[in-house]
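The values are calculated or read from the model by the stated rules, or taken from the named source; none is laboratory data. In this text, all values refer to a predicted model and were calculated from it rather than measured experimentally. Neighbour counts run over all protein chains shown; Cβ positions are idealised from the backbone, glycine included.
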Amino acid sequence: MSKDDTAAMDSAQSSNGEKASIYSGETDNSSTPKEKSKIDLPNKMVIYQADLQLRVKKFEQTIGNLEEKAEAYGGYVASSNVTKEGKEQVSGSITIRIPQKNFQAFLHDAEGQAVEVLQRNITGQDVTEEYVDLESRLKSKRLVEERLLSFMKTATKTEDLLKISADLAAVQEEIETIEGKMKFLENQTSFSTVTITLFENKVVVPDIDKDKLNTWEKTKKQFMKSTNTLLAGLSGLVVLIIGNLPILAILAIIGFVGYLYFRRKKNSSRE
């Protein structure tokens, strides 16, 4: 960088402290329209997403069929989960990424696996304008990067090299961010996302308890139960009699004396 360029850069400082560097590609208005005119507009870039809720006869078999269909169409399974609510209901969901050209065909095959389509929701997001804007910004940042690299080759002062290096690092970071966004949009538009929720209702027939059908075993159990009840009752009676024998003896004596008294009185009345 020559002394004249350095002086021009120092004099281009704004009042709020922000630099308006002479090598900033964003301030070069003469080249911007030309660069934009060279941008080739891509085909419509649309992100398609579909949500299906299906009722099926055989849950596991349907999951297997969907995975095979996804592989046949060049897609892949992004996620899958299964939930069981007791023995009567099995449900789950599977998320599949399908190439956009096979999106409609896969939806048709997926719905063909169902007994009933409970819900069908398809959305499309047009990101063409966003992608073109990112592409334009990327070209502009590339020009700035080239200018900074050329200035760095001719710079002789350490201070100038540090300033240019800091600006170059910031521009390269912005370039990486823009490229990441563009790759993300390309991936989202080239592969559509299909989320399928499956429900299977099973009719559960309860098993017959073999113990309930064993009559002989039930008879023996009932006999032993009644015998134990009788023995328990007799045991309680014996305990009651023997345990209260003193009281019973006194009551017997009193009763016997009373009997003799009433008998003697009755005989006296007859005489």
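At-a-glance table
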{"item": "Total residues in region 90-149, condition basic (Lys, Arg) and more than 30 Å from the chain's Cα centre (by Cα)", "result": "5"}
{"item": "Hits in region 111-127 (condition: within 26 Å of residue 188 (Cβ to Cβ) and touching a helix residue (DSSP H, G or I) at 6+ places or on another chain (Cβ under 9 Å))", "result": "113, 117, 120, 122, 125, 127"}
{"item": "So residue 94, is it at pLDDT 90 or above, touching a Gly at 6+ places or on another chain (Cβ under 8 Å) and of a type outside the set (Lys, Arg)", "result": "no"}
{"item": "Filter result for residue 146 (touching a residue at least 24 places away in the same chain (Cβ under 8 Å), part of a helix (DSSP H, G or I) and touching a helix residue (DSSP H, G or I) at 6+ places or on another chain (Cβ under 9 Å))", "result": "no"}
{"item": "Region 108-134: number of residues that are more than 16 Å from residue 48 (Cβ to Cβ) and assigned to a loop (DSSP other than H, G, I, E, B)", "result": "3"}
{"item": "Any pair with Cβ under 6 angstrom, 6 or more apart, that starts in region 157-172 at a residue that is closer than 22 Å to residue 140 by Cα and ends at one that is among the aromatic types (Phe, Trp, Tyr) and buried (at least 17 other Cβ atoms within 10 Å of the Cβ)", "result": "164/151"}
{"item": "Failed item, numbered, when residue 63 is tested on (1) in contact with a strand residue (DSSP E or B) (Cβ under 9 Å, 6 or more places away or on another chain); (2) at pLDDT below 50; (3) among the aliphatic types (A, V, I, L, M)", "result": "(2)"}
{"item": "When residues of region 50-90 are limited to those that are touching a residue at least 12 places away in the same chain (Cβ under 8 Å) and in a loop (DSSP other than H, G, I, E, B), the one surrounded by the fewest Cβ atoms within 10 Å (Cβ to Cβ)", "result": "87"}
{"item": "Verdict on residue 161 being surrounded by fewer than 18 Cβ atoms within 10 Å (Cβ to Cβ) and under 30 Å from residue 192 (Cα atoms)", "result": "no"}
